[in-house]
Amino acid sequence: MQIGVVDYGASNIFSVLRAVSHLGAKAKVISKQEDLKSIDKIILPGQGSMGACIENLKKKNLFESLKLSFAEKPYLGICLGLQILFALSEESSNSEGMNIFSGKVERFKENKNFKIPHMGWNQVTFKKKHFVNRNIPNSSNFYFVHSYASKELKKDNILAETTHGELFNSAVIQDNIIGVQFHPEKSGTQGLKFLENFINWKI
């Protein structure tokens, strides 16, 4: 099993590479279109804005190639890797995402009782059973760092929810495409189990 970790030039991918290797899978950095041919699954970890991410993916000729690969290869988007699956983001109003999910990613509402960005550990409530959350107790804590989130989505596409001042979708799913707002590679035992499940997931 070879896992491709997408490097679009503006994200620290090394913690994900280490986690994948620790779990016994081969990890390969994806930085150009040709790299996608030799891998079995895709992970895109991201930080920063959707606009910058989409721009860099297009510069590397990876934007359309990634979308085409979704037809046959499991995908896990982490943090920004989830957000680019949506059509739009309030953070980058002039940039269009991959539009796998309609709607937009929105900034958390100002709330004096909750800090923005949402940073630290928080409970993830899985709304459906799936191979990727197998053997992970529901309402386990995962690590988050973000100011924007998916808040509205079709029920069938919501894999997990979390509350930080307001309810948001902390994991989304459509067929072989999964996005998580939390960082499994930074979430201890449960995070590693989530990654292990993704690596072993057969579609």
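The values are calculated or read from the model by the stated rules, or taken from the named source; none is laboratory data. For clarity, every value in this text was computed on a predicted model and none was experimentally measured. For neighbour counting, all protein chains shown are included, and Cβ atoms are generated from backbone atoms with ideal geometry for every residue, glycine included.
Spot the failing condition for His130; the list is (1) closer than 26 Å to Asp7 by Cβ; (2) at pLDDT 95 or above, and only one is missed.
Of the numbered conditions (1) closer than 26 Å to Asp7 by Cβ; (2) at pLDDT 95 or above, the odd one out for His130 is (1).
Which ones in region 170-196 are of a type in the set (Ser, Thr, Tyr), crowded, with 24+ Cβ neighbours inside 10 Å and part of a loop (DSSP other than H, G, I, E, B)?
Once the filter is applied, which keeps residues that are of a type in the set (Ser, Thr, Tyr), crowded, with 24+ Cβ neighbours inside 10 Å and part of a loop (DSSP other than H, G, I, E, B), region 170-196 yields nothing.
Under 9 Å by Cβ, and 6 or more places apart or on different chains, what pairs join a residue from region 104-119 that is within 11 Å of His164 (Cα to Cα) with one that is assigned to a strand (DSSP E or B) and hydroxyl-bearing (Ser, Thr, Tyr)?
Phe108/Tyr148; Pro117/Tyr148; His118/Thr162; Met119/Tyr143
Kindly provide the set of residues from region 69-84 that are surrounded by 21 or more Cβ atoms within 10 Å (Cβ to Cβ), touching a residue at least 60 places away in the same chain (Cβ under 8 Å) and in a loop (DSSP other than H, G, I, E, B), ordered by number.
Once the filter is applied, which keeps residues that are surrounded by 21 or more Cβ atoms within 10 Å (Cβ to Cβ), touching a residue at least 60 places away in the same chain (Cβ under 8 Å) and in a loop (DSSP other than H, G, I, E, B), region 69-84 yields only Pro74.
Of the residues in region 25-68, how many are in contact (Cβ under 8 Å) with a residue 12 or more places away in the chain, out of contact with any Cys (no Cβ under 8 Å at 6 or more places or on another chain) and either more than 30 Å from His118 (Cβ to Cβ) or part of a loop (DSSP other than H, G, I, E, B) (or both)?
Selection size over region 25-68: 17.
Within region 173-190, is there a residue that is among the charged types (D, E, K, R), at negative phi and free of Cβ contacts under 8 Å to residues at least 60 places away in the same chain?
Looking through region 173-190, none of the residues is among the charged types (D, E, K, R), at negative phi and free of Cβ contacts under 8 Å to residues at least 60 places away in the same chain.
For region 85-101, what are the residues that are part of a loop (DSSP other than H, G, I, E, B) and out of contact with any Phe, Trp or Tyr (no Cβ under 9 Å at 6 or more places or on another chain)?
Residues satisfying the conditions are Ser93, Asn94, Ser95, Glu96.
Exactly one condition in (1) small (Gly, Ala, Ser); (2) crowded, with 17+ Cβ neighbours inside 10 Å; (3) outside any loop (DSSP other than H, G, I, E, B) is not met by Ser15; state its number.
All conditions are met except number (2).
Is it the case that some residue within region 148-156 is surrounded by 14 or more Cβ atoms within 10 Å (Cβ to Cβ), polar (S, T, N, Q), at pLDDT 95 or above and not in a strand (DSSP E or B)?
no
Across region 102-127, what is the number of residues that are part of a strand (DSSP E or B) and either modelled with pLDDT under 95 or of a type outside the set (Lys, Arg) (or both)?
16
Restricting to region 109-141, give me the number of residues that are within 29 Å of Gly51 (Cα to Cα) and over 18 Å from the mean Cα position of the chain (by Cα).
Total meeting the criteria: 7.
Just need a number here: residues in region 93-126 that are closer than 16 Å to His146 by Cα and not β-branched (Val, Ile, Thr).
16
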